[in-house]
Amino acid sequence: MFSKKIIDWYSENGRSLPWRVTSDAYKIWLSEIILQQTRIEQGTSYYLRFVETFPTVCDLAAASEQEVLKLWQGLGYYSRARNLHAAAQYIATELDGRFPDTYEGILKLKGVGRYTAAAIASFAYRLPYPVIDGNVYRLVARLYGISTPIGTDAAYKEFEQLLQHLIDRRRPDLFNQAMMDFGSIYCKPVPVNCETCIFRQECVARREDRVALLPVKAAATAVKERWFYYYHLEWRSDGQTLTLLHQRTGSDIWRGLYEFPLLEADHPLSDEELQQQNNTFFSSLHVTPATKAEVAFSLDHKLTHRTIHATFIHAILPEDSTPNIRNDKPYTAEGLKKLPISRLIDRYLSSMCKKSPAPFGKK
Ligand code: SF4
């Protein structure tokens with residue numbers, strides 16, 4: 001029987017992970033949200049920090065969004081952290097702090113889709129919902145020779161139906177974990193260990209020599225390019241070094257995170273265009289820099305569907321400047337350390353620290 005065979009394999013070869021030794025739905029939910037788009041090696045330390053800082057869903061609900069974003073810093077995809085916080089507040093206020101215990105109830109939480117709801121329902125409550133992540137798609141596509149492009153709604157329904165027949169209804173938690181681990185450890189994208197695989201006799205892809213062709217992936221979404229020009233300004237006032245920062249708002253990336261004044265262009269600026277932009281920017285501040293505004297750092301920062309071509313322009317302003325700018329406010333280096341920032345700003349601050357131990361370089 002398929003489910004027995006894979007659960008037996010799992011009991012000998014499965015990975016021991018901190019969120020697998022609990023049936024606390026809150027902790028399982030935390031781990032699932034953290035591990036979306038994040039490798040286990042990176043996500044584990046974040047999971048442990050979240051559980052330690054917010055031992056219960058009500059602790060998480062009581063935190064400020066800024067605290068949650070700061071703890072999340074470095075993981076990327078910050079909407080996950082905002083949704084986590086909003087869902088915790090919903091559970092604390094609307095559900096009296098009780099985590100939902102049905103698939104449908106879990107699915108109502110902000111940021112929870114079919115995959116995450118099935119994972120929580122099966123791991124925490126042993127409800128028979130199959131979990132379908134990339135590893136499971138690959139394993140099932142190869143075992144059954146399915147060439148429906150994955151990542152589509154049609155594929156999800158087709159794979160879900162098939163897995164509903166395979167799942168062990170008494171041990172859905174172990175079945176799902178076994179499927180994910182087998183796909184991840186054994187039936188890898190490349191190289192594939194077919195000759196020693198426990199399913200080598202029944203595997204359609206192996207029999208038909210289609211292992212390298214499966215699973216079929218849906219066409220990739222085009223990557224959008226954006227050009228960000230950040231202004232890192234520094235000046236002395238009352239014995240402290242200050243810089244300007246604002247919090248991102250709206251529905252764009254990195255909402256809630258802090259960054260330097262930003263001008264976005266729709267193409268890469270030539271030297272003349274950049275000079276022109278600098279002149280306009282500083283005259284709008286009503287400040288003349290004490291040093292020439294220089295490009296301090298440039299890099300391409302890749303996100304899933306975007307590449308940010310970032311340029312950081314550094315300038316020292318005269319002492320006791322009061323730059324006149326919309327939403328940006330002056331912060332000290334100590335103040336900046338307490339704020340959530342994007343990985344991009346973090347990379348810039350690290351580079352500044354390597355160049356010189358400037359007050360705003362990241363130590
Ligand atoms: S035989 Fe190869 S392709 Fe088929 S399940 Fe095993 S490892 Fe995957």
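Quick notes on this structure:
- Taking each residue as 0.36 nm, the span from Ser351 to Thr152 lengthens on full extension beyond its C-alpha to C-alpha distance by 67.6 nm.
- Linear extension gain, Asp320 paired with Ala86, 0.36 nm per residue minus alpha-carbon span: 80.2 nm
- Apolar share of the accessible surface for the chain: 51 percent from carbon plus sulfur atoms, 1.4 Å probe.
- Out of every Cα-Cα pair that the chain contains, those further apart than 36 angstrom amount to 38 percent.
- For segment 2-213, the tally of Lys pairs with Cα-Cα distances below 20 Å comes to 6, considering only residues 8 or more apart or on different chains.
- The mean accessible area for residues of the chain, using a 1.4 Å probe and ignoring ligands and nucleic acids, is 50 Å² per residue.
- Per-residue ellipticity at 222 nm computed for the chain from its helices equals -13000 deg cm²/dmol, with DSSP H segments shorter than 4 residues left out and the rest contributing -39,500 (n - 2.57).
- Here the Karplus curve 6.51 cos²θ - 1.76 cosθ + 1.60, taken at θ = phi - 60°, turns the phi angles of segment 202-211 into couplings of 8, 5, 5, 4, 5, 4, 9, 6, 10, 4 Hz, with x standing for Gly and Pro.
- FRET efficiency for Trp227 and Thr288, using Cβ-Cβ distance with R0 set to 25 Å, rounded to 0.05: 0.45
- Relative contact order of the chain, taken over Cα pairs closer than 8 Å and 6 or more residues apart, is 16 percent.
- Ordering Val223, Ala121, Asn279 by the projection of their Cα atoms onto the charge dipole of the chain, which places +1 on the Cβ of Lys and Arg and -1 on the Cβ of Asp and Glu, puts Ala121 at the extreme positive end.
- Amide H partners (placed H, <5 Å) of Leu245, local residues excluded: Lys329, Tyr331
- For the chain, the residue among Trp235, Gln37, Pro289 whose Cα projects farthest onto the positive side of the dipole built from Cβ charges is Gln37.
- 3J(HN,Hα) along segment 110-125: 4, x, 9, x, 4, 4, 5, 4, 5, 5, 5, 4, 7, 6, 8, 10 Hz, from the Karplus curve 6.51 cos²θ - 1.76 cosθ + 1.60 with θ = phi - 60°, whole Hz, x for Gly and Pro.
- Counting only alpha carbon atoms, the long axis of helix 134-144 and the longest principal axis of the chain meet at about 30°.
- FRET efficiency, Glu94 to Glu208 (Cβ-Cβ, R0 51 Å, nearest 0.05): 0.50
- Top positive-direction residue, dipole computed over the chain with Cβ charges, set Phe312, Gly105, Thr322: Gly105
- Approximating the spin labels as points 7 Å out from Cα along Cα→Cβ, the Glu65-to-Glu195 distance works out to 5.6 nm.
- Cα gyration tensor, segment 224-355 - rounded (a/c under 1.5), prolate or oblate: oblate
The values are calculated or read from the model by the stated rules, or taken from the named source; none is laboratory data. Since the model is a prediction, treat every value here as computed from it, not as a measurement. Glycine also receives a Cβ, built like all others from the backbone with ideal geometry; neighbour counts cover every protein chain displayed. Calculation scope for accessible area: heavy atoms of the full protein, side chains included, ligands and nucleic acids excluded. Shrake-Rupley method; radii C 1.70, N 1.55, O 1.52, S 1.80 Å.
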